[in-house]
Amino acid sequence: MNNYKHKRTKRLVTVLIFFFLTPAAYADGLKVLAENYPPFSYEENGVVTGFDIEILENLIRDSGVKQVGKARIYPWSRAYKTIQKEPDIIVVNMARTEARDALFKWIGPTCPREIWLFKLKSRKDIKINSLEDAKKYRIGSMLGSTSTKELINNGFAKGKNLDLVFDERLNLLKLIKGRVDLITFLKFEMSWRLKRLMHSTDTRIPAIGINDVEPAYLLSDKYQYYFAFSKQVPDSTISKLQNALDTMKKDGRYEKIWKKYME
């Protein structure tokens, strides 16, 4: 009798383990994490919005996939750790690199990725024809970003010619105030931030316009941006969302949202 109870208990434990480790266990819905990275995702009047958020809202609606709660703004490093630990996470706007490819499931591409080194137009002394040239200057970059990893892999070092921040906005402010010589940005991200600064009422920020900053060197155009998903998300969910994205690109909705945020 005791042996029968033992076998019955063992079978029950096996069933429970199977239940909690299969995709059905994650059917409650997906949680959306986004960093403060305008114009892709940012908080405005208490609401998370942006290019990626609007794209995802369309995909969720068209595919019938369930989302739990509203999109939340996380620091990049925290979002990256969370998606590897929890089974039901979407992180929008992640560069799909060789090192990351097997860690997550993906839909996309959602956006091209050209990372430039920018400088103040007034800095006529800065001349860059190669990454070796750039090593002579102090570069502001985002902690944990693919851009930063590319710079480090090419011989740049924190405290020497690399100045790391947790918030991209700080990079631009450091450039304006002369604390760094160059910063890493996408062109449309730079344009978005400069437009916002032009209308800022903060007297601590020096007046600056669109024409005061210029690209100095193309750092990377190797990768593209995707939406990344926890590995445990079912393939059927990924397929539905990818099909919805493909449809958006064909019917003109993707282009309409692009023009709203990127032009």
### Query
How about the range 76-118: which trypsin sites (Lys or Arg not before Pro) there are in a DSSP loop, with at most 15 other Cβ atoms within 10 Å of their Cβ?
none
## Note on the structure
The Kirkwood hydrodynamic radius of the range 115-220, taken as the inverse of the mean 1/r over all distinct Cα pairs, in Å, comes to 13.8 Å
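The numbers here are math on the coordinates, done by the rules we state, and not lab data. For clarity, every value in this text was computed on a predicted model and none was experimentally measured. Quick reminder, even Gly has a Cβ in these numbers, built from the backbone with ideal geometry, and neighbours come from all protein chains shown.
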